[in-house]
Amino acid sequence: MLGGAYRKTSRASTKANHMFFPGWRLRFGAAAAALAAALAASCTPTVERADPLLAELVQRFGASEIQRLPEEADMIGLPDAAFGRSYAALLNDRSMAVEERTRTRRLEFLADFERIDRARLSPAAIRTYDSLRWTIEATVAVDRHGHGVTSLGRSSAYVITFADGAFTDLVKFLTLHVAVSTPTQADAWLNRLEQMDEAMRDERRRFEVDIAAGAIPPRSVVQRTLDKARQLRPGIARDHVLVQHFTESLAQVADIPEADIARLTGRAAEIVGGDIREEYDALIALLEATLTKAPAEPGVWRLKDGEAYYADALKLHTTSSLTPAQMNELGLKLVEQINKELDPLLAAAGLAEGNVGARLRSLAQRPEFLFPETPEGRLALLEAINQKVTWATGIAARVAVIDKPAPLVVREAPRIVQDTASRAYYRPGPLNGSQPGVYNITLRATADFPSWTLPTLTFHEGIPGHHLQVELERDLPNQPVIEHLVAYPAFDEGWATYAEDLALELGAYQSDPIGRIGYLQSQLLRAARLATDTGIHAQRWTREEAISYLEKTVGVSRSTAELEIDRYAIRPGVAAAYMTGRETILRLRGQAQRELKTTFDLKAFHAALLGPGPRPMPVVETDIAAFIAAQQNTPAAQ
């Protein structure tokens, strides 16, 4: 087993003996032995022999990961057959025992990947092999530090925060995602509710172990988390959001007797007002005790082996070989470059004095760019976004080989997420096509969204950004389960940030100079994020220094800057992925344009970039090199 904080206790988890783990150990152990035997018996290396071995390994790896993640399976829209059994009444297993076993299994799978002879794989299989092996190695590197939560391609330094944890995630999952439109679904929903206290308890125990080992979140994060826990703690059970949602959903179910509705809602209130309330109380007590000893500064450098942890987390999220110092320098350099572009545009808008951040803040407060803080004003804001979606849909065919992008729903983000979510975020529809992709606007106040900021935000979250990229990804045939579980922030966010550049290139701001300021401010934020993430975690910036930097550089409000810093604090390296990914894409495009000259085709380049789906940026670089070579060898190029 790996060393780390979780080995510092022998307390048994409430789910330590979950029934499917003994089967996993036997089945996957035997499969690994069979794989090794098959490789040893291979006397005449051929592509045909190696590809099936890799495909079988990828399938087993996906099955290993998804079995403990029924919530993710539900949100993806995975069929029961792909999961291996019905999961509609299950929650993720958050126990310490399962976390340990997952770490061990990833090491075992890494060893299995190392046994594959890469030279005997076809080009497409090599891409899969390189992507997954890179991801497992990077994930294991973060895992070895023994604190926080690490999934494939993403990590958080702490088990529970204002943005992560069963105490908040399950409320959102059960009220925003899980359908209750039939009696069977109602029973499954209630079964999940009955497991919520256990999920919270398992997670809290892991958090306690981390705290005891010194992995304590910064004070501002603990305070936000405490505030969130107090907000969600049930008072009068029937008034709690979980019970209210269940009651309202049952009222819409056809052919369900009133007596059954009373029984189901009564049971829900009993669970929420009993075991779940007790778990909230236990979490609140832990957070109150932790607050007194939580450090003031946000950087993970203060943790045991904190510098090494950050280097590993940064590599996981950016898939880059740049050091934290190099990324910090890049961020500061990009900020300087973007400021030079913004200066004359702001001067033309009547804002010639003061630093760029202050002038951007002044522009954001001009009444002519603000929507009224009324229901009508909110609707007008959403309609302005929809108009940009329409424009972007019209230029999609100039970006990618696609007839017409699938519909995109624009809506206000649910109230329950608005105090901790980013300004906007995209949620793809499930694989079964039952729901469209959704572009969520965190509309705490209309004043947060001056009209000149909306176009670029829409191009990032919608088209040609996340929505277009995900749609092309979903068109890939025969995707293994594991592809839906791995995150590549540098690819996903790098593309969406590059998509902002594409919109500029394709004429989005041709007659909208103020909108172009919005584009540059968005780029400025990504560059400042790169500087600030590396600043707090590697350069040891204080929280106040980081907040002040964002205020003065980007022109955001203090409250916005505070939330940004707290988000960077809990997920080290994620904020750096946007601009590092975008810079890699721009560099590769520039290389292709230089080498292909007049034969360069933008849609063909994007097909080579997006066609194989998300992957680590080093793998993308290999693919683009192959694309350039192939284009040079075509008759037209010669």
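The values are calculated or read from the model by the stated rules, or taken from the named source; none is laboratory data. All values derive from a computational prediction rather than experimental measurement. In this analysis, Cβ positions are derived from the backbone assuming ideal geometry, glycine residues included, and neighbour counts consider all displayed protein chains. When the accessible area is computed, the model is the full protein with side chains, heavy atoms only, and any ligands, DNA or RNA have been set aside. Shrake-Rupley method; radii C 1.70, N 1.55, O 1.52, S 1.80 Å.
The table that follows gives values for the structure above.
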| read-out | value |
| --- | --- |
| Candidate lysines - alpha carbon under 28 Å from Lys172, same-chain residues fewer than 8 apart omitted | Lys15, Lys228 |
| Cα convex hull of segment 105-194 - mean projected area over all directions, nm² | 9.0 |
| Label point distance in nm, Thr634-Asp343, each placed 7 Å from Cα along Cα→Cβ | 4.3 |
| Segment 269-364: relative contact order as a whole-number percent, Cα under 8 Å and 6+ apart | 10 |
| Burial order of peptide ranges 190-202, 285-297 (average beta-carbon count within 10 Å, highest first) | 190-202, 285-297 |
| Residue order for Ser156, Ser422 - accessible surface, 1.4 angstrom probe, largest first | Ser422, Ser156 |
| Candidate lysines for bridging to Lys333, where Cα separation is under 23 Å - those fewer than 8 sequence places away on the same chain excluded | Lys315, Lys552 |
| Cβ-derived FRET efficiency at R0 41 Å, Gln387 paired with Glu56, nearest 0.05 | 0.25 |
| 17 Å reach of a label modelled at Glu412, 7 Å along Cα-to-Cβ, counting backbone N of segment 170-190 | 176 |
| Ranked packing of 81-90, 483-492, most packed first, by mean Cβ within 10 Å | 483-492, 81-90 |
| Reduced Cα scattering model of segment 464-506, Debye log10 I(q)/I(0), q = 0.23, 0.32 Å⁻¹ | -0.82, -1.13 |
| Full-stretch length increase - Ile261, Asn432 - with 0.36 nm per residue and alpha-carbon distance subtracted | 58.6 nm |
| Cut-off under 5 Å, modelled amide H: who pairs with Val410 long-range | Tyr439 |
| Alpha carbon centroid spacing (whole Å) that separates segment 183-248 from segment 457-490 | 30 |
| Rotationally averaged projected area of segment 259-352 (alpha carbon convex hull; nm²) | 14.2 |
| Where a label projected 7 Å from the Cα of Glu368 along Cα→Cβ would reach, residues of segment 509-546 with amide N under 20 Å | 509-521 |
| Compactness of segment 145-199, expressed as Rg and Dmax over alpha-carbon positions, Å | 14.1, 45 |
| For segment 445-600: accessible area per residue (Å², 1.4 Å) | 31 |
| Among beta bridges that DSSP assigns inside the chain, antiparallel share in %, nearest 5 | 60 |
| Computed Rg/Rh of segment 497-638, alpha carbon atoms with Kirkwood Rh | 1.07 |
| Apportionment of accessible area to carbon and sulfur, the chain, percent (1.4 Å) | 53 |
| Simple label model, 7 Å out from Cα along Cβ direction - His177 to Arg587, nm | 3.5 |
| Inter-label distance for Ala285 and Ala352, nm, one decimal - labels placed 7 Å from Cα along Cα-to-Cβ | 6.6 |
| Whole-angstrom gap from segment 517-537 to segment 401-424, using each part's C-alpha centre | 22 |
| Segment 571-638: Cα Rg divided by the 2.2 N^0.38 Å rule of thumb | 1.21 |
| Peptide ranges 610-622, 569-581 listed from the most packed, as the mean C-beta count within 10 angstrom indicates | 569-581, 610-622 |
| Per residue accessible area in Å² of segment 354-410, where ligands, DNA and RNA are left out and the probe is 1.4 Å | 54 |
| 3J(HN,Hα) from dihedral phi, segment 398-413, Karplus parametrisation 6.51/-1.76/1.60, rounded to Hz, x for glycine, proline | 7, 9, 9, 7, 7, 5, 7, x, 5, x, 10, 8, 10, 8, 5, 5 |
| Residue-normalised accessible area of segment 294-348, given per residue in Å² at a 1.4 Å probe | 46 |
| q = 0.19, 0.24, 0.28 Å⁻¹: log10 I(q)/I(0) that the Debye formula gives for segment 238-313, counting C-alpha atoms only | -0.83, -1.05, -1.17 |
| Expected 222 nm ellipticity per residue - DSSP helices of 4 or more, -39500 (n - 2.57), all of the chain, to 500 | -19500 deg cm²/dmol |
| The chain - charge dipole about Cα centre, Lys and Arg +1 at Cβ, Asp and Glu -1, debye rounded to 20 | 1040 |
| Whole-Å semi-axes of the ellipsoid equivalent to segment 449-533 (Cα gyration tensor, √5λ, descending) | 27, 16, 9 |
| Normalised convex hull volume, segment 402-507, alpha-carbon set, Å³ per residue | 126 |
| Relative contact order (%) - the chain, alpha-carbon pairs under 8 angstrom, separation at least six | 17 |
| Distance from segment 576-638 to segment 72-121 (C-alpha centre basis), Å | 32 |
| Pair-distance profile P(r), taking every C-alpha pair of segment 328-453, with 5 angstrom steps and integer % | 2, 9, 14, 15, 16, 17, 16, 9, 3, 1, 0 |
